[in-house]
Amino acid sequence: MHIEAETLAHLEEDEFLAGEERFSRFLEGELDEDLVIVDDIFEKSVVDILADYPCDFDSLSSPTASIRAPGYIFADHDAGVVLLAPTGDIAGVYLGPDLAISDEHRDRGLGAELVLERVLREGGSPVWELSRPCYTRAGRRAHASAWRLLRDPPFIDQKIRSLKVAYTGAGFVEAPAAA
């Protein structure tokens with residue numbers, strides 16, 4: 001567990017999207033290319049991503065409840081974070097640098113929360129490790145929304161408490177019902 005919410009919250013949005021090192025090089029004029037690439041050519045479905053990163057449900061660990069969508073669960077996977085629907089099916093994944101939410105689970109804020117889960121669990125975004133950070137339009141929106149969530153103290157405090165419980169093995173913490 002690598003929660004660095006306070007440090008991450010101080011990043012500018014473009015810095016959060018590109019990574020601190022790349023953003024610094026961009027500000028110093030050392031890049032002769034765009035800070036990030038946004039193109040839907042990079043889009044993959046949950047099924048496509050799972051073909052690259054198979055999911056063994058028995059190996060998922062450190063579950064936390066979604067704050068935004070009751071009944072949804074985030075869990076660690078060897079290659080990132082998996083989002084489980086209330087039915088137990090996989091609703092979304094952020095594995096390797098690939099992010100996807102199945103169509104029937106979209107428009108609930110789960111993409112942003114999935115990004116935030118991954119970033120808090122690992123201390124940064126896997127996209128920062130790419131030679132050129134690449135996003136689909138939806139992926140860029142989800143990352144920008146996650147960046148905004150870092151500035152929502154009640155949300156981030158609840159998310160951090162939930163992750164700390166998940167990683168200490170103190171038991172599963174159910175998110176409170178939406179008001």
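What follows draws every value from the coordinates through simple rules; no lab data is involved. Just so it is clear, the model here is predicted, and its values are computed rather than measured. Note that each Cβ is placed from the backbone with ideal geometry, even for glycine, and that neighbours are counted across all protein chains shown.
Sum -39500 (n - 2.57) across every DSSP H segment of at least 4 residues in the chain, then divide by the residue count to get the 222 nm mean residue ellipticity, nearest 500.
Working: 7 runs with 68 residues, N = 179.
So the helix-based figure for the chain works out to -11000 deg cm²/dmol.
If we count other beta carbons within 10 Å of each Cβ, what is the order of 56, 48, fewest first? Provide the component values of the computation, followed by the final result.
Numbers: 56 8, 48 12.
Going from sparsest to densest Cβ surroundings: 56, 48.
Counting only Cα, what are the radius of gyration and maximum Cα-Cα distance Dmax of the chain, in Å?
Rg and Dmax of the chain, Cα atoms, are 15.8, 49 Å.
Could you run the Karplus curve 6.51 cos²θ - 1.76 cosθ + 1.60 with θ = phi - 60° over region 57-74 and give me ³J(HN,Hα) per residue in whole Hz, x for Gly and Pro?
Calculated HN-Hα couplings, in order: 4, 5, 8, 5, 9, 6, x, 9, 7, 5, 7, 7, 9, x, x, 8, 10, 9 Hz.
Quick one: which residues, 5 or more positions from residue 134 or on another chain, have an amide H under 5 Å from its amide H? H modelled 1.01 Å from N in the peptide plane, none for Pro or chain starts.
For residue 134, whose amide H was placed from the backbone, the distant partners under 5 Å are 37.
May I ask you to evaluate 6.51 cos²θ - 1.76 cosθ + 1.60, the Karplus curve with θ = phi - 60°, for each residue of region 146-151 and list the ³J(HN,Hα) values in order in whole Hz, giving x for glycine and proline?
Ordered by residue, 3J(HN,Hα) equals 5, 4, 5, 4, 4, 9 Hz.
Does a label point 7 Å from the Cα of residue 12, set along Cα-to-beta-carbon, have any residues of region 110-134 with amide nitrogen under 19 Å, and which are they?
Backbone N within reach: 125, 128, 133-134.
Over the chain, what is the mean sequence separation of C-alpha contacts under 8 Å (at least six apart), divided by residue count, expressed as relative contact order in percent?
Values: 268 pairs, mean separation 52.0, N = 179.
Dividing the mean separation by the residue count of the chain yields 29 percent.
For region 9-83, just the Cα set please: Rg and Dmax, both in angstrom.
Rg, Dmax (Cα atoms, Å): 17.0, 47.
Taking the Cα of residue 33, stepping 7 Å toward and past its beta carbon, and measuring to each backbone N in region 96-126: which are under 18 Å?
97-98, 126
Based on alpha-carbon centroids, what's the gap between region 12-56 and region 87-155 in Å, whole number please?
12
Taking the chain as the reference, fit the longest principal axis to its C-alpha atoms, fit the long axis of helix 110-122 to the helix C-alpha atoms, and give the angle between the two in degrees, 0 to 90, nearest 10.
It works out to around 80 degrees.
Quick check: pseudo-label points 7 Å beyond the Cα along Cα→Cβ at residue 42 and residue 104, how many nm apart are they?
Distance between the two pseudo-spin positions: 2.9 nm.
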